[in-house]
Amino acid sequence: MRARTLLDAHCHLQEINIIERVLEEANRAGVTDFICNGIQENDWNQVLELNIINSRIIPCIGIHPWYINSAIDGWEERMEALLASSNKIYVGEIGLDHYKSKLAPKMLQEDFFRRQIRIALKYRRLMSIHCVSAFGKVIKILRQEMKNSRVPFIMHSYEGPWEMTQELLAHFPNEVMFSLSMVSVWKAKHQSVIERIPLTNILIETDSPSQIIKEMIPEPLEEEKPQNFPKYLPLVFSQLCRIKNSSEEETAEQLYHNFQKILPDAHV
Ligand SMILES: [Zn+2]
């Protein structure tokens, strides 16, 4: 059997300064691959440069719902040009955040989300989706936009209720991956949903440098606002094994398979 490897399905390594050390620590923890998401046009090049430094950093470019107001005319053409330049660039982080609708009105968020889904479909690329307080809307949009063709997608740092989870599984059994972060596996109400999600539709992530749950970190943390790093992914993994009551070997093997299924061309 292969040594256990874990794959970080969603992070923002472009926001971390000491990248070499962070990658070394991740590797020591058995974390070998990283789906790295842009959040606005400003950081797309940084994300793509990380992929040049290390091909196991898989680049996604997109406009996150919080950063829509900073988008500059012509972003769609520039996004398409980058996607056309390589079939190993994916789409993310995109989506809806109704909790933060002050940052961008809901209608505008929806417009950007739909436009980016259409681009992902045109270039047949995986999408990484942010969804907060908008599950019904996200499902409706995905169903409308993916009527004729589909691409795999990651529901990142998943915290959806069972009703929505079931709906996503029913409509997109082969496309949806629920990616679990510390935040997803920490609360009992989410754990009861995770128990029921088939392991064939699960990935794990850190969302590094955010979404840390201090109580899950065994070592003392000095900073008041500590950052999250890919080296902490095994903590999400162990918690997932506990929730699913599944062995580490079996779970790691399935997560690896899931990652390969949605990203057959990436270096996994
Ligand atoms: Zn993110």
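Figures for the structure shown
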| quantity | calculated |
| --- | --- |
| Hey, residue 46 within 30 Å of residue 110 (Cα to Cα), open to solvent by less than 80 Å² (accessible area, probe 1.4 Å) and among the polar types (S, T, N, Q) or not | no |
| Some residue of the stretch 62-74 being under 18 Å from residue 263 (Cα atoms), of a type in the set (Val, Ile, Thr) and modelled with pLDDT of 95 or more | no |
| Residue check for residue 8: acidic (Asp, Glu), under 18 Å from the mean Cα position of the chain (by Cα) and either open to solvent by 10 Å² or more (accessible area, probe 1.4 Å) or within 16 Å of the ligand (Cβ to nearest atom) (or both) | yes |
| Scan of the stretch 23-73 for residues that are assigned to a loop (DSSP other than H, G, I, E, B) and either charged (D, E, K, R) or within 17 Å of residue 266 (Cα to Cα) (or both), ordered by number | 54, 55, 56, 73 |
| Among (1) among the hydrophobic types (A, V, I, L, M, F, W, C); (2) touching an Asp or Glu at 6+ places or on another chain (Cβ under 6 Å); (3) within 16 Å of the ligand (Cβ to nearest atom), the one test that residue 155 misses | (2) |
| Any chance residue 144 is exposed (fewer than 14 other Cβ atoms within 10 Å of the Cβ) and not in a loop (DSSP other than H, G, I, E, B) | yes |
| Of the criteria (1) modelled with pLDDT of 95 or more; (2) crowded, with 17+ Cβ neighbours inside 10 Å; (3) of a type in the set (Phe, Trp, Tyr), which one residue 162 fails | (2) |
| Members of the stretch 224-241 that are open to solvent by 50 Å² or more (accessible area, probe 1.4 Å), outside any helix (DSSP H, G or I) and more than 16 Å from the ligand (Cβ to nearest atom) | 224, 225 |
| Enumeration of residues in the stretch 82-112 that are within 15 Å of the ligand (Cβ to nearest atom) and not in a strand (DSSP E or B) | 99, 100, 103 |
| Pairs, first more than 24 Å from residue 152 (Cα to Cα) and part of a loop (DSSP other than H, G, I, E, B) in the stretch 202-223, second β-branched (Val, Ile, Thr) and near the ligand (Cβ under 10 Å from one of its atoms), C-beta under 9 Å, six or more apart | 212/206 |
| Unmet requirement for residue 92, which otherwise passes all of (1) over 20 Å from residue 164 (Cα atoms); (2) more than 18 Å from the chain's Cα centre (by Cα) | (2) |
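Residue-by-condition table, conditions (1) small (Gly, Ala, Ser); (2) at positive phi:
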site	(1), (2)
170	yes, no
175	no, no
194	no, no
200	no, no
207	no, yes
225	no, no
234	no, no
258	no, no
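The values are calculated or read from the model by the stated rules, or taken from the named source; none is laboratory data. Please read all numbers here as calculations on a predicted model, not as lab measurements. When we count neighbours, we look across all protein chains shown, and the Cβ atoms used for this are built from the backbone with ideal geometry, even at glycine. Surface accessibility is based on the protein's heavy atoms, side chains included, excluding ligands, DNA and RNA. Shrake-Rupley method; radii C 1.70, N 1.55, O 1.52, S 1.80 Å.
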